[in-house]
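**Q** Handing you a structure now.
The values are calculated or read from the model by the stated rules, or taken from the named source; none is laboratory data. This structure is a prediction, so every number in the text was calculated from the model and none was measured. Because the Cβ atoms are built from the backbone with ideal geometry, glycine has one as well, and the counts that use them run over all protein chains shown. Please note that ligands, DNA and RNA were not included when accessible areas were found on the heavy atoms of the full protein model with its side chains. Shrake-Rupley method; radii C 1.70, N 1.55, O 1.52, S 1.80 Å.
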Amino acid sequence: MIVQALAFYLFAAIAIASGAMVISSRNPVHSVLFLILAFFNAAGLFVLMGAEFLAMILVVVYVGAVAVMFMFVVMMLDINFAELRQGFLRYLPIGGLVGLILLAELLIILAGWQLAPAATQSEMLAVTPPPGEMSNTMALGQLIYTHYINLFQAAGIILLIAMIGAIVLTHRRRPGVRRQDIGRQLQRRPADTIEVRKIPTGKGL
Amino acid sequence: MVEFWSVWIWPTVWIVIKIVAIVLPLLLAVAYLTFAERKVIAAMHRRKGPNVVGPFGLLQPMADGLKLFLKETVIPTGANRAVFVIAPMITFILALVAWAVIPFGQMSDGTPMVLADINVGILYLFAISSLGVYGIIMAGWASNSKYAFLGGIRSAAQMVSYEVSIGFVIITVLLCVGSLNLSRIVEAQAGPWGLFHWFAFPLMPMAVIFFVSGLAETNRHPFDLPEAEAELVSGYNVEYSAMAFALFFLGEYANMILMSAMTSVLFLGGWLPPFNIAPFTWIPGPIWFILKIAACLFVFLWVRATLPRYRYDQLMRLGWKVFLPVSLAAVVIVAGALITFGWMPARAG
């Protein structure tokens with residue numbers, strides 16, 4: 001137990017510290033690296049809670065794919081980040097407001113959970129398999145593909161639309177670019193492209 | 001006090017012993033893999049390869065290591081020092097931590113011989129291999145050099161692309177096993193007919209796609225565009241010297257061994273013998289596992305000696321237009337076949 005508590009405080013402290021570094025470090029690439037560290041520690045917290053599947057998916061999806069894209073954007077785009085920082089005080093009230101709203105919502109949920117656990121849990125308990133009976137990969141799969149199938153499908157369709165939208169927005173067909181068409185290359189036969197002629201000695205073609 | 005020792009100290013010591021027992025042979029294997037690579041490629045070129053240091057040149061990796069160790073570590077003036085130093089460490093550490101979940105064999109009581117027998121073993125491996133891109137992209141960026149940066153960017157794009165098809169190939173295997181635990185995956189390939197139960201046979205095209213994607217994931221030939229010497233000098237590690245370079249080098253070779261181990265576990269039956277008859281079953285499981293890894297590694301080297309480097313657009317085409325649709329279709333076909341013929345695995349865990 002004491003090791004778990006120590007590990008929790010370690011992960012939580014590093015996650016909060018790196019979260020603070022994300023917004024305070026001068027170099028945007030350092031910000032992304034600290035963001036990755038924060039994701040990683042969040043995955044550690046998931047493991048401590050016994051949600052190993054979520055932890056691994058968090059690392060695979062967020063650290064392995066999403067953060068790489070962040071990194072690409074930050075490294076490739078030529079943004080003057082010093083200039084972006086100029087408006088810090090101007091945006092502070094809006095940012096603070098958003099933070100406050102999120103905090104209030106979290107507090108409401110937690111308070112409701114503490115005061116009336118039955119009200120929030122009756123819905124969930126009806127479908128959630130009891131913990132310890134099956135691994136959480138299987139439990140998640142059973143929930144997603146039975147009780148939440150419509151939401152799951154809707155999420156998939158939204159992602160598909162987003163993907164197609166991104167392709168439509170960025171795809172352009174430039175004329176005059178020579179492309180490799182492997183099918184055509186493989187279909188070429190010697191008879192189509194070369195012609196062997198017998199050239200008599202001493203005469204040209 | 002006695003309880004303190006039995007609850008805290010001894011388990012910790014025991015785990016450390018197990019870690020050392022995995023990491024030391026691994027590092028030795030990495031050193032001799034570089035030697036084997038030079039010897040095998042030399043044989044394919046009809047040369048002799050390293051043969052001066054020690055008998056048959058066997059001490060060559062030690063001499064190389066000593067040379068790299070004694071060299072001066074140079075940090076370029078324009079480099080981002082912290083990131084520059086951390087990048088090779090990340091590459092090397094990630095190549096080692098992945099071995100925590102690889103099962104080497106089976107004890108006599110049926111439990112797997114593994115450091116951490118976790119339920120989501122294959123996802124852990126997938127997560128660690130998807131982190132490997134950071135060492136390279138950080139090195140490329142922190143070097144503050146055009147060539148290193150281009151190499152890092154190329155490598156990141158390549159690894160992210162091929163990870164997708166690796167993920168789908170892993171899903172086809174998981175469908176046939178019904179568990180994410182690596183020992184269960186190996187056990188699912190056991191059967192009276194020996195090697196015909198290995199997933200390499202029923203899932204043949206997937207095994208090939210996995211291995212080729214593994215070549216791309218480890219930045220090996222013919223997909224070694226990140227360090228294409230002809231265009232990028234040496235890619236992401238061009239500014240590195242001495243031990244920092246050695247860590248990248250060792251990390252790359254450790255990743256090759258890891259990818260071979262993953263291929264063995266997923267498709268070649270891990271520690272299982274190829275035939276269930278007497279002389280084969282006498283050989284212990286870990287030996288079979290090592291032999292299978294060695295066979296995969298030989299193919300890695302063979303490919304390097306044989307094939308020319310892909311052009312970058314061809315590399316991306318292969319990943320996104322060939323492997324991704326084929327592996328996606330395979331997931332649907334395998335799932336459909338399992339349902340249709342009632343071959344769904346029993347509910348494991």
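**Q** For region A:15-38, name all the residues that are away from every other protein chain (no Cβ under 12 Å) and surrounded by fewer than 16 Cβ atoms within 10 Å (Cβ to Cβ).
**A** A:16, A:17, A:20, A:23, A:24
Conditions (1) within 14 Å of chain A (Cβ to nearest Cβ); (2) buried (at least 21 other Cβ atoms within 10 Å of the Cβ); (3) part of a helix (DSSP H, G or I); (4) touching a His at 6+ places or on another chain (Cβ under 7 Å), marked per residue:
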position	(1), (2), (3), (4)
B:134	yes, yes, yes, no
B:148	yes, yes, yes, no
B:157	yes, no, yes, no
B:172	no, yes, yes, no
B:195	no, no, yes, no
B:206	no, yes, yes, no
B:223	no, yes, no, no
B:236	yes, yes, yes, no
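**Q** Tell me yes or no: at least one residue of region A:88-109 is within 27 Å of residue A:134 (Cβ to Cβ) and either within 10 Å of chain B (Cβ to nearest Cβ) or out of contact with any Lys or Arg (no Cβ under 9 Å at 6 or more places or on another chain) (or both).
**A** From region A:88-109, those within 27 Å of residue A:134 (Cβ to Cβ) are A:109; that's our starting set.
Restricting the remaining residues to those that are either within 10 Å of chain B (Cβ to nearest Cβ) or out of contact with any Lys or Arg (no Cβ under 9 Å at 6 or more places or on another chain) (or both) gives A:109.
Yes: one or more hits.
**Q** Sticking with this one: Which condition number in (1) within 11 Å of another protein chain (Cβ to nearest Cβ); (2) within 20 Å of the chain's Cα centre (by Cα); (3) open to solvent by 50 Å² or more (accessible area, probe 1.4 Å) is the one that residue B:152 fails?
**A** Here residue B:152 clears every test but (3).
**Q** Which members of region A:47-64 meet the condition of being more than 11 Å from every other protein chain (Cβ to nearest Cβ) and in a helix (DSSP H, G or I)? Reasoning before the result, please.
**A** So the first thing to find is which residues in region A:47-64 are more than 11 Å from every other protein chain (Cβ to nearest Cβ), and the list is A:48-49.
The one that is more than 11 Å from every other protein chain (Cβ to nearest Cβ) and in a helix (DSSP H, G or I): A:48.
**Q** If I filter region B:37-54 for residues that are in contact (Cβ under 8 Å) with a residue 24 or more places away in the chain and over 24 Å from residue B:250 (Cβ atoms), do I get at least one hit?
**A** There is at least one residue in region B:37-54 that is in contact (Cβ under 8 Å) with a residue 24 or more places away in the chain and over 24 Å from residue B:250 (Cβ atoms).
**Q** Taking region B:94-131 as the search range and keeping residues that are of a type outside the set (A, V, I, L, M, F, W, C), open to solvent by 10 Å² or more (accessible area, probe 1.4 Å) and in a helix (DSSP H, G or I), which one is nearest to the other protein chains (Cβ to nearest Cβ)? It would help to see each step written out before you state the result.
**A** Step one: list which residues in region B:94-131 are of a type outside the set (A, V, I, L, M, F, W, C), which gives B:103, B:105-106, B:108-112, B:117, B:119, B:121, B:124, B:129-130.
Those still in the list that are open to solvent by 10 Å² or more (accessible area, probe 1.4 Å) too: B:106, B:108-112, B:117, B:119, B:124, B:129.
Next, only the ones that are in a helix (DSSP H, G or I) stay: B:124, B:129.
Working: B:124: 6, B:129: 8 Å.
Taking the candidates together, the pick is B:124.
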